[in-house]
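The values are calculated or read from the model by the stated rules, or taken from the named source; none is laboratory data. Just so it is clear, the structure is predicted and the values come from calculations on it, not from any experiment. No Cβ is skipped: glycine too gets one built from the backbone with ideal geometry, and neighbour counts run over all protein chains shown.
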Amino acid sequence: MASGCAEMEPAAALPPSPSPAAAPGSAELVCAQGRNLKAVLCQRCGSRVLLPGAATFARRELLLPTMRKKAAAAAAGGGGDVVREHWLVRDMFSFENVGFTRDVGNVKFLVCADCEAGPIGWHCLDDKDSFYVALERVAHE
């Protein structure tokens, strides 16, 4: 099944917001250059996903499947959450610890490589240089 990335996105992309003032609630996480001040961790197991400074803050509406255990997700069927604040990573080798799902159309979802919690993010196969990690689905230290 070949589906475009636009089908996975409920709204058009907004330009990245490098200024912390543009990201209320995220200001303590973003430096003046728009990069992550703190390490990004898995919420469930605490595994390090990104080092400080490895990603840029971006606002973009993306639809991610709901985070549930595999059995619960299968029983509940589809569904998802619209997430708007992300860490944008331009190089997949910048990640400390991340896994990718199998292709869903032309999208791969990002998960914790240690405990497989997720999806914590989104990657469209049409754009090889954009990996989005949802701020609300990770922890910071």
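Residues being among the aliphatic types (A, V, I, L, M) and out of contact with any Cys (no Cβ under 9 Å at 6 or more places or on another chain): count how many of those fall in segment 114-141. Counting residues in segment 114-141 that are among the aliphatic types (A, V, I, L, M) and out of contact with any Cys (no Cβ under 9 Å at 6 or more places or on another chain) gives 3. Counted as qualifying within segment 48-128 are the strands (runs of 3 or more DSSP E) with 1 or more residues that are at pLDDT below 95, surrounded by 13 or more Cβ atoms within 10 Å (Cβ to Cβ) and touching a Gly at 6+ places or on another chain (Cβ under 6 Å), namely 56-65.
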